[in-house]
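A short write-up of the structure that comes next.
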Amino acid sequence: MRLQNDLPQPTTIHWHGVRVLNAMDGVPGVTQDPIPPGGSFTYRFVPKDAGTFWFHPHVRSAEQVERGLYGVLIVDDAETLPYSRDEVWVLDDWRLGSDGQVDPRFVTRHDLAHDGRWGQMVTVNGDAAQQLVVRPGERIRLRLVNTSNGRVYRPDFGSLEPRVIAVDGMYTARPLPIDGFELAPGNRLDLDIAIPADGAGRSYAIIDRFTRRPFTLATIRADGEPVSTPTFEAPSNPNVPGWDGAIERPVDVTYVLNAQRGGEHGIQWTINERPWGEHEVTELEGGRWVRVRFQNDSARLHPMHIHGQFFKVIARNGQPVDAPYFRDTVLLRGRETIDVGMVPIDWGRWMMHCHILEHAESGMMTEVEVAPPRDPETP
Ligand code: C2O
Ligand code: CU
């Protein structure tokens, strides 16, 4: 893929969740130089995993992503699954000025003191009244992608009762009920939804319930003659490890999340009391299991994302969690501590940051260096 930068600003592309060679990861000053206006860069990689991914700039992302500069990347399964329909819903919100245009004040003090930039208009695929029309009886795969700078969604599908088959692009160990799943910035969820065969003429409102003010995200309308529902086993990953004893293992790395005064925006978000630029690089050995702790000492939300790696939540506030799936971004609520386990298997220098883009831009970012295993026997 060749990126030709016709923007008035430098940019790059980061392939969120795609396990690429480190040099293709699109991080300015770490894996490549920023691509100047008029410049170009060729990204080359062979995707290792099928699934739902997205890509976005890693330069001034709080502005570039907010303005809509991103895309969805779907890596097809080796064999096509017999869903009657495969749809993508991109969830985004927009803070508009009184002129109806994107408000050009980015990374404001208000956004930094809160959970980043939340817009007053929410769209699905750019449409504030998105309606997906299907035939009764269809079985659809619906891929949700949250590209918002700060907003979190908790979609309620009501009587449609979707099953979650993938989180952050990776198949779950088994299909899971959607209850309790949220999409923080960066997150993806793939859903398996069977539309009732007797549903002709019905509209199903999908309600967001993350905030105290629920609203309709989109609707699914069943229309026309019923079709027969494809019957097949939903895709899954039987190799998601249990890691039962993980809770007994010591914490290898702790990241304390907090804010301090200072920096060009007046507020800096920090990891272990250091903003980006003053950060320490965490060194991890490839192929070795580690327990990483995120400790949120602030009252705000922080969806923490690690480039090039997938991890599994093993504890929340010290209580063991059995998450039968991997993720690349995990949401921490105020004062919450989340422990994850992971086996880094892709070498290189990877970013670890909050995916609330204003928090990241004001310092909440660090680096993880994954060294190839010392023991050449380890894969
Ligand atoms: Cu979507 Cu640095 O990430
Ligand atoms: Cu944050």
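Structure values in brief
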item: Considering residues of segment 148-167 that are of a type in the set (S, T, N, Q) and crowded, with 23+ Cβ neighbours inside 10 Å only, the residue nearest to Ile207 (Cα to Cα); result: Ser148
item: Counted residues, segment 102-126 - those being part of a helix (DSSP H, G or I) and either of a type in the set (Val, Ile, Thr) or open to solvent by 20 Å² or more (accessible area, probe 1.4 Å) (or both); result: 3
item: Matching residues, segment 15-47, being under 17 Å from the mean Cα position of the chain (by Cα), away from ligand 1 (no atom under 12 Å from the Cβ) and among the aromatic types (Phe, Trp, Tyr); result: none
item: Test: residue in segment 296-307 that is farther than 24 Å from Trp54 by Cβ and more than 11 Å from ligand 2 (Cβ to nearest atom); result: yes
item: Complete set of residues in segment 54-101 that are charged (D, E, K, R) and open to solvent by 60 Å² or more (accessible area, probe 1.4 Å); result: Arg60, Arg67, Asp76, Glu79, Arg85, Asp86, Asp99
item: Options Arg117, Arg105; residue that is of a type outside the set (Ser, Thr, Tyr) and touching a helix residue (DSSP H, G or I) at 6+ places or on another chain (Cβ under 6 Å); result: Arg117
item: Hits in segment 317-333 (condition: over 19 Å from Ala173 (Cβ atoms) and open to solvent by 10 Å² or more (accessible area, probe 1.4 Å)); result: Asn317, Gly318, Gln319, Leu331, Arg333
item: Test: residue in segment 333-340 that is within 29 Å of Leu176 (Cα to Cα) and either within 14 Å of ligand 1 (Cβ to nearest atom) or modelled with pLDDT under 95 (or both); result: no
item: Check on Met365, within 14 Å of ligand 1 (Cβ to nearest atom) and open to solvent by 10 Å² or more (accessible area, probe 1.4 Å); result: yes
item: Qualifying positions in segment 251-294 - charged (D, E, K, R) and either within 15 Å of ligand 2 (Cβ to nearest atom) or open to solvent by 30 Å² or more (accessible area, probe 1.4 Å) (or both); result: Asp252, Arg261, Glu264, Glu273, Arg274, Glu278, Glu280, Glu283, Glu285, Arg288, Arg293
item: Segment 218-250 - residue that is surrounded by 14 or more Cβ atoms within 10 Å (Cβ to Cβ) and closer than 17 Å to Val343 by Cβ and, of those, farthest from the chain's Cα centre (by Cα); result: Arg249
item: Cross-chain or 6+ apart pairs with Cβ under 6 Å, segment 293-308 first and without any contact (Cβ under 8 Å) to a residue 40 or more places away in the chain, then more than 8 Å from ligand 2 (Cβ to nearest atom); result: Ala299/Gly334
item: Per-region count, segment 168-192, residues of a type in the set (Lys, Arg) and open to solvent by 10 Å² or more (accessible area, probe 1.4 Å); result: 1
item: Some residue of segment 301-312 being surrounded by fewer than 18 Cβ atoms within 10 Å (Cβ to Cβ) and either modelled with pLDDT of 95 or more or within 29 Å of Ser148 (Cα to Cα) (or both); result: no
item: Set Gly186, Gly224, Gly169: member being farther than 16 Å from Leu142 by Cβ and in contact with a Ser or Thr (Cβ under 7 Å, 6 or more places away or on another chain); result: Gly186
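The values are calculated or read from the model by the stated rules, or taken from the named source; none is laboratory data. What you are looking at is a predicted structure, and each value in this text was computed from that prediction instead of being measured. When we count neighbours, we look across all protein chains shown, and the Cβ atoms used for this are built from the backbone with ideal geometry, even at glycine. We work out accessible area using only protein heavy atoms, side chains counted, and drop any ligands, DNA or RNA first. Shrake-Rupley method; radii C 1.70, N 1.55, O 1.52, S 1.80 Å.
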